[in-house]
Each structure stands twice: as C-alpha cells, then as structure tokens.
Amino acid sequence: MKKYNARSKMLISLAVSGSIIALTIIFSFWLSPDNLITDFAKKSLPPTFRHLFGTDWLGRDMLTRTLKGLRLSLFVGFLGAFVGASLATCLGIAAATLGKKVDSVISWLVDMFIGMPHLIFIILISFAVGGGIKGVVFGVAFTHWPSLTRIIRGEVYALKNSQYIQISKSFGKSKWYIATKHILPHIIPQIMVGFLLLFPHAIVHEASITFLGFGLSVQTPSIGLILSEAVKHISIGDWWLAVFPGLVLVLVVKSFDNIGEQVKILINPASANE
Amino acid sequence: MALTGNDLGFYYHKNEWLFRHVNIEISYGEILGISGYSGSGKTSLAKILSNYLQPIEGNLKVDGRRFPQKDFQPVQLIYQHAEKAVNPKWRMSDVLNESYRPDEQILARFGIKKEWMTRFPIELSGGELQRFCIVRALHPATKYIIADEMTTMLDAITQAEIWSELLSICKERQIGLAIISHEAALLARLCDRVVSLKQLKDPAY
C-alpha cells in the first residue's frame, strides 16, 4: 500500500471533517419537517431502517430532530465565535498599540476572565441578557475572548517593534499603511485559527447550558434540549434518544476542532513545510 | 552640510548612562568609521543617529534642521540582520518598492538578479537579502546612511563586493556614510576617518 505523507494525510483529514459538517448542514435542510409531526402510532420506536435514529415519545423522527437541532447549534456557534473573535481582535490590537494604561487594563480583564470558570459565567451572562439565542451567543462570546486576545496582543506587540516595521516608518509610511500592509496579514491567520477553535466551544456550551435549562426555549429544536429531554426517557430503556444525538454532536464538534488544529499547523511557518 | 549630534546622552535604565556628552559629525560624502566593542552602545548610537530612538540628552540635526516628523527620513539605517529587516510575507519586488522603484542599473551594480524579485525572503541567503536592504536604503532622498555591522554576517568576497559598490555610490551622490563595526581592519580600509566609541564617550582618552 502506498504510504501517505503528512501533507496528504492532512488534506484527507480536512476533507473528512469538512464533509461531515457539510453533510450535517445539507441534510438538516433536506429532511422534511413533516418528520417532526407528532404521530403516536410511531411512538418510541428503536432505530430501524426507516428511522435511523429511532423516534421519540411523541413519534418524531430523531434523525431529523438531531440534524435540525445541530443546524441551530452551528448557527449559534458561528455567531458566538464570530463575536468572540472580533472582540478579541479589537482588544488585542488596542492593548498592543494604545499605550501602557490600556494594556494593563485589558491584561487585567484577560487574567480575571481566564481565572473564572466558563460555564458559571455563561449562565450568568445568558440569564442577564434574557436567555434564548441572544443569551447563548453573548454568553459564549463574552467568555471566550481572553485567550485569543492574549495571543493577538503578543503578536501585534512583537510586530510593532520588528525591524521591518521600523524601517517602513523611516520610509515615511503612515500608521494606516503599516497596520493594513504589515500587521494585518500577519494576524489574520491567528484570528482565523482562533475563530475555528472557538466554534466547537461555542457549540458545546450552547448544548450544555440548554441542557441545564438556561439556554434556548423548549420550542426551538436544539441539541442541548434533545439531550436534556432524553434524560427523562433513558431510564425506561429508550437509549437511542441520547446516544445518537450525543454521538453526532461529538462528531461535528471534533470535526471543527480538527479543522482548527490542522489549519494552525498549516499556517505556522515552522511546521508548514513538514 | 552635515549630520550633527551635540552632547548626545542615552540610557535604558535610569541613571545608568550608556553614553553621555557625545559629539559627532558626518559631512556630505564623508565615510566615517565608528568602532566599539559589543555592548558599548554602537547599535543604540546608530538608532539615535537615524532617528529610531530619541536621545535623552542633547540634540541631533540634519543639515542644520530637525528630523522630519512623518516624511521620508533622510538618514537611513541598515541593520546587521537583513532577514529581520524585510517582511517575511512579502515578495522581494514589494520589499524594494516600499521605498522607491530602483532602476536596472543600480540593481545590476549590487548583483541583484531578476529572478530574485519574485521570491520570498526565506528563499534568499543573508547576503542576497542584504543587497536588497542596501538598494532599498539608497532612495533618491537619502542623504546619510548608517551601516550598523552591515556585513558582519557575510563572507569576505560578498563583503568586498558590497562595500566597493556602496562606497562608490556614496561618493557619486555625496551621501554621508557612517560605518559602525567592531572590526578595526575593515574600518581602516574603508573610511576617511575612524573614531572609536571610547573616544566619543571621553574625548580626553
């Protein structure tokens, strides 16, 4: 058998992860919402060929529920990660460029947020802004900026004092020129990796706080809700209600995590040519 | 017309003066050598002369005037490590054009090959990169060049090539050149006048 090198292994792993996510999204649109109509004739069926993930106690198809719920989780995850990454970028650049006072305030905030347990903070924030999708997005965004902020601050700080930027200044280039031509191209990959690695966090946190009952409302199809409802039925033997949605959640989250990690390796010049 | 520093003083840690009361003058077309041991403040002096660092005491004037605030700096510094002085994500043509568009002739004089232009810095050697840095510093508006250990990392043949071209261009354009190095032999060979940093720090020495 042909031996794969690191590059083709990485491409295969990226392709697999990418297609898992793409399939989830495509199927979540493709599966008919009719499968979600309550039908007591098909109540609590174990997995069959017609209902791959089985049906729940109201006769709804679990595959459809899981994928549609996951789509919402992906959307919430995307928003949360996007807001979080934007916040981190702004604060990181501000800390590195706006002088010592701003830097120490932001660094203090970063230390404080890193020292605090995530989940409790997310629950507090999402409760404070009134719960629902908004609560989850803000909760995730406002708790996940610190580590990325720290990375971007360090990066911009080092760049700012680098010789080629000093030289660019001596050519009479403006701050805007230096920021857009020299600094941004260096930190955009960092932001992208940070964004990709935030995504799985956001999805898991969305699921976990909905599971705990602080997140999305009962009507919205969400993976956290499915899991929390399944708990009540698992004791009477309906194992498929929790196992399949849980597995798919792990699979999708792991795919995102994998993409993030691979892109990180690809972007880092020290490991890019391996 | 000259680059003049009067009574320059500088420290990194308060009251631990790296040097003080330093007077220095580089005239048009003059090639001045500044020698000194490592750690004696050569690079700090180079950065002050080229307006990268502000002196804590004293003042610095280019042709009797202050340095321009935002425009092109008439005093250009060339660093020891060329690979740190270019953006690793830019192609070499962009690196050059950030300063000005050099003509074929000057590129040829420094032995810069056409195929190097589309390469990234990582694909060139230190000596090849340093040629780009020198050409980049030879902007039409450049009046003085401070070369801080410019060829220390290079082999003897490359050194000889680079210096002979730079020196003749400085003479043609009447650019004042300060060569900062720890190699006394190199300075003695190239410069019109050599001062040691020790002398500058303490004229009685």
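The values are calculated or read from the model by the stated rules, or taken from the named source; none is laboratory data. Computed from a predicted structure; not experimentally measured. So basically every Cβ, Gly included, is an ideal-geometry build from the backbone, and we count neighbours across all protein chains shown.
Can you pull out the residues in region B:79-99 that are more than 9 Å from every other protein chain (Cβ to nearest Cβ) and either in a strand (DSSP E or B) or touching a residue at least 12 places away in the same chain (Cβ under 8 Å) (or both)?
B:Gln80, B:Ala82, B:Glu83, B:Arg91, B:Met92, B:Ser93, B:Leu96
Which number in (1) closer than 23 Å to B:Ile134 by Cα; (2) not in a strand (DSSP E or B) marks the one condition that B:Gly33 misses?
(2)
Check region B:21-29 and report whether any residue there is within 24 Å of A:Asn161 (Cβ to Cβ), of a type in the set (A, V, I, L, M) and either without any contact (Cβ under 8 Å) to a residue 24 or more places away in the chain or in contact with a Lys or Arg (Cβ under 9 Å, 6 or more places away or on another chain) (or both). Talk me through it step by step, then tell me what you get.
The initial filter retains those residues of region B:21-29 that are within 24 Å of A:Asn161 (Cβ to Cβ), namely none.
No: region B:21-29 contains no residue that is within 24 Å of A:Asn161 (Cβ to Cβ), of a type in the set (A, V, I, L, M) and either without any contact (Cβ under 8 Å) to a residue 24 or more places away in the chain or in contact with a Lys or Arg (Cβ under 9 Å, 6 or more places away or on another chain) (or both).
If B:Pro74 passes every condition in (1) more than 15 Å from A:Tyr164 (Cα to Cα); (2) more than 15 Å from the chain's Cα centre (by Cα); (3) buried (at least 20 other Cβ atoms within 10 Å of the Cβ) but one, which one does it miss?
Looking at each condition in turn, B:Pro74 falls short on (2).
Please enumerate the residues belonging to region A:190-222 that are more than 27 Å from A:Ser32 (Cα to Cα) and surrounded by fewer than 17 Cβ atoms within 10 Å (Cβ to Cβ).
Within region A:190-222, A:Met192, A:Leu212, A:Gly213 meet the criteria.
Just to be sure before I move on: is B:Ile169 of a type in the set (Val, Ile, Thr) and farther than 28 Å from B:Cys191 by Cβ in the structure I sent?
Judged against the criteria, B:Ile169 is not a match.
Report yes if some residue within region B:172-182 is of a type in the set (S, T, N, Q), closer than 30 Å to A:Leu184 by Cα and more than 14 Å from every other protein chain (Cβ to nearest Cβ); otherwise report no.
no
Report whether or not B:Gln174 is out of contact with any strand residue (DSSP E or B) (no Cβ under 8 Å at 6 or more places or on another chain) and without any contact (Cβ under 8 Å) to a residue 40 or more places away in the chain.
no
Is it the case that region A:144-162 has a residue that's modelled with pLDDT under 85 and not hydroxyl-bearing (Ser, Thr, Tyr)?
yes
Can you find, within region B:5-26, the residue that is farthest from the other protein chains (Cβ to nearest Cβ) among those that are surrounded by 16 or more Cβ atoms within 10 Å (Cβ to Cβ) and closer than 24 Å to B:Ile169 by Cα?
B:Ile24
Among (1) part of a loop (DSSP other than H, G, I, E, B); (2) away from chain B (no Cβ under 14 Å); (3) closer than 30 Å to B:Pro88 by Cβ, which single condition is A:Val193 missing?
(1)
Taking B:Leu60 as meeting all but one of (1) of a type outside the set (Asp, Glu); (2) over 19 Å from A:His182 (Cα atoms); (3) in contact with a strand residue (DSSP E or B) (Cβ under 6 Å, 6 or more places away or on another chain); (4) within 14 Å of another protein chain (Cβ to nearest Cβ), write down the number of the exception.
Here B:Leu60 clears every test but (4).
For residues in region B:105-117 being in contact with a helix residue (DSSP H, G or I) (Cβ under 9 Å, 6 or more places away or on another chain) and assigned to a helix (DSSP H, G or I), which is farthest from the other protein chains (Cβ to nearest Cβ)? First the steps, then the outcome.
Within region B:105-117, the subset in contact with a helix residue (DSSP H, G or I) (Cβ under 9 Å, 6 or more places away or on another chain) is B:106-107, B:109-114, B:116-117.
Among the residues that remain, those that are also assigned to a helix (DSSP H, G or I) are: B:106-107, B:109, B:114, B:116-117.
Working: B:Ile106: 17, B:Leu107: 18, B:Arg109: 21, B:Lys114: 23, B:Trp116: 17, B:Met117: 18 Å.
It comes out as B:Lys114.
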